[in-house]
1. Do you know which of the residues in segment 166-195 that are in a strand (DSSP E or B) and modelled with pLDDT under 90 is most open to solvent (accessible area, probe 1.4 Å)?
2. Being near ligand 1 (Cβ under 8 Å from one of its atoms), at pLDDT below 95, closer than 19 Å to residue 128 by Cβ and surrounded by fewer than 16 Cβ atoms within 10 Å (Cβ to Cβ): is that true of residue 77 here?
3. Could you please give the count of residues in segment 42-59 that are within 14 Å of ligand 2 (Cβ to nearest atom) and within 28 Å of the chain's Cα centre (by Cα)?
4. With the requirement that a residue be open to solvent by 60 Å² or more (accessible area, probe 1.4 Å), in a loop (DSSP other than H, G, I, E, B) and modelled with pLDDT of 85 or more, what does segment 399-458 give you?
5. Having 1 or more residues that are modelled with pLDDT under 85, out of contact with any Gly (no Cβ under 8 Å at 6 or more places or on another chain) and at negative phi is the bar; report the helices (runs of 4 or more DSSP H) wholly within segment 199-318 that clear it.
6. For the list (1) within 36 Å of the chain's Cα centre (by Cα); (2) part of a helix (DSSP H, G or I); (3) touching a residue at least 12 places away in the same chain (Cβ under 8 Å), I need the number of the one condition that residue 548 fails.
7. Would you mind listing the strands (runs of 3 or more DSSP E) fully within segment 91-148 where at least 3 residues are away from ligand 2 (no atom under 16 Å from the Cβ) and crowded, with 18+ Cβ neighbours inside 10 Å?
8. In the set 39, 79, which member is within 12 Å of ligand 2 (Cβ to nearest atom), in a loop (DSSP other than H, G, I, E, B) and not aromatic (Phe, Trp, Tyr)?
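The values are calculated or read from the model by the stated rules, or taken from the named source; none is laboratory data. Being a predicted model, the structure only gives us computed values, none of them experimental. Note that we place each Cβ from the backbone using ideal geometry, even for glycine, and neighbour counts take in every protein chain shown. Remember, those area values only see protein heavy atoms, side chains included, never the ligands or the DNA or RNA. Shrake-Rupley method; radii C 1.70, N 1.55, O 1.52, S 1.80 Å.
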Amino acid sequence: MGNLKVLPAQIANMIAAGEVVQRPASVVKELMENAVDASAGKISVVLTDAGRTLIQVTDNGCGMSAADAVLCFERHATSKIASAEDLSNILTYGFRGEALASIAAVSEVTLKTRRASEETGVKVSVSGTLKAQSSAAAAPAGTSISVRNLFYNIPARRKFLKSDAAELRHCIEEFTHVALTRPDIEFTLTHNGRDIFVLKKAKSLKFRIQDLMGGAVSSEVADISAKTSVAAISGFIGRPESARKTSGNQFFFVGGRYFRSPYLHKAVMNAYADLIPDGLTPSYFIYLDVEPGSCDVNVSPTKTEVKFEDETVLFQVLYACVKEALGKNSFNASLDFDTEGAVQMPQLSRSFQDYRGDDIAPSVDFDSSYDPFGPDSLTSGGHPSYVDRHENYGVLFEQKTLSQSRALVVGDRFVVTPVASGLMVVNIRRARERVLYEKYLRALSQGEHVTQTALFPEQVNIGVAQRLIFDENADLLHSLGFDITPLGDDSVVVGGVPEGFSCEGGKAEEMVRDLLATLEDNKTALPAMMQSSLAVRLARLGASGTSPVRTALDAQALIDSLFVCDNSELTPEGHRIVNIISMEELDKKLL
Ligand code: ADP
Ligand code: MG
């Protein structure tokens with residue numbers, strides 16, 4: 001190793017940039033936070049190509065003097081803290097004085113700013129290792145920063161960026177985090193010339209949430225509030241029945257700052273435990289206020305982690321607070337779901353043998369169209385009387401067990417059928433999941449087409465961001481049997497879905513959103529993994545569709561399709577599909 005050298009500032013900045021600036025969304029976050037710190041009442045964000053080409057944030061805040069406008073690009077230049085004590089009492093977003101230096105090190109930045117008290121403004125251009133160039137310029141009061149060609153000088157970084165849809169989604173997330181903390185500020189977000197959000201000043205947080213999330217959010221949430229010694233808690237939690245398969249609407253803030261916390265998330269989920277099915281996540285917007293000094297936001301450079309002094313107590317308090325709000329609003333479980341959440345591992349594969357073995361049994365001549373349990377059997381006139389049926393019961397039952405259509409539907413969740421060793425019970429939804437899974441897996445790996453059910457075409461507004469994800473996956477969706485076509489900038493029309501899916505009765509929007517979220521999450525996975533996990537999720541979506549198994553024929557068809565599967569025992573996620581109530585157990589019950 002050679003002699004020690006202190007790195008030139010610009011190189012140090014490029015290294016620091018790696019931590020602060022990971023993607024366009026990081027720039028959106030830093031610039032928006034600076035604008036909020038500058039007491040802006042109005043902040044606009046303009047993006048081109050998901051921020052790759054341009055990120056421009058304009059505010060009407062305090063502006064900077066000509067000298068500060070140059071100085072702000074220096075590392076550790078901050079107006080927000082002056083002493084070490086200030087660190088434990090931070091009221092602004094920024095305090096490291098790192099963001100602008102880092103951003104300028106990896107992009108081409110132009111800053112225009114003017115303080116309200118000054119007549120002329122200043123324009124500063126900085127880029128990479130070049131020195132800042134400044135000149136007097138006409139500018140409205142406030143600050144506008146344009147960041148062009150992010151990572152132009154780090155090709156590896158630029159290549160590492162994801163699709164526009166994914167990057168835009170990250171930008172929208174950051175925008176949302178800031179907008180959710182300040183309903184008193186007007187925000188706009190524009191992408192490639194199209195408005196994504198135009199958020200007027202909101203009377204309260206609830207209105208801001210409504211404007212951001214759209215739909216009937218305000219009727220889907222309940223207030224939470226508690227004042228305790230560790231924290232004051234306020235905000236909103238979603239009704240259990242509006243819990244979604246996709247995560248994304250879960251927000252924690254402390255002192256007006258968004259943070260992520262798997263630990264506190266668990267507290268919320270625990271409070272919902274018996275109210276929502278496994279795999280669904282409720283929405284929540286939870287705002288904590290703690291004593292300054294009892295929480296450290298200075299943990300990571302991107303500052304989405306926060307360290308609380310009394311985390312376990314906070315966990316309990318939050319749990320109790322959410323639980324209370326759920327109780328007060330008497331939210332009840334609305335869906336039938338697995339109470340046995342645990343994954344069941346395969347045991348001896350007996351039911352399949354049983355089922356197949358039964359097929360080999362000698363057949364008896366009988367009228368297979370006669371259904372002793374069908375509605376006809378209960379009417380009189382030309383049909384067997386009660387006594388007839390009663391006397392023939394044993395015979396009929398025997399025939400039934402050997403008929404081609406011996407399965408029955410029990411409630412809306414189970415199908416039962418007699419087998420050699422007892423009574424086989426099949427969980428309908430799980431069976432469908434398995435059948436669909438294998439079908440989709442085949443379709444995905446062979447490019448096979450899945451038959452389609454035509455629907456009355458339904459127009460769904462999914463927003464510009466989701467539309468980008470759709471555009472990127474349109475061919476894949478088509479090959480899976482979805483007939484979904486684009487409409488305008490932010491909508492699609494659903495004209496058909498693969499067999500097994502059902503999206504009537506206003507469910508189309510949810511289905512499309514779930515599909516897109518599934519596709520989006522799977523983007524980075526290896527192709528094979530993508531196929532199987534996509535098939536798993538598609539199968540789950542499909543199996544939870546609403547077309548019920550009603551008749552004995554439906555039931556038999558389901559069983560038949562289940563037992564031609566490669567695995568008829570377990571769902572792709574390891575839940576048991578079939579179980580046999582043995583003769584011994586039946587004997588015990590009835591003897
Ligand atoms: P930090 O926010 O941690 O102080 P930044 O690098 O983000 O560091 O910003 C450096 C300084 O530039 C800030 O402390 C602030 O004084 C000034 N500044 C940045 N953006 C704005 C803005 N939009 N309006 C007014 N001043 C700004
Ligand atoms: Mg900052």
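1. Here the answer is 195.
2. Here the answer is yes, as residue 77 does meet what is asked.
3. Total satisfying the criteria: 2.
4. 411, 413
5. Correct list: 205-213, 217-220.
6. That leaves (2) as the condition not met.
7. So the answer is 108-114, 121-127.
8. It is 79.
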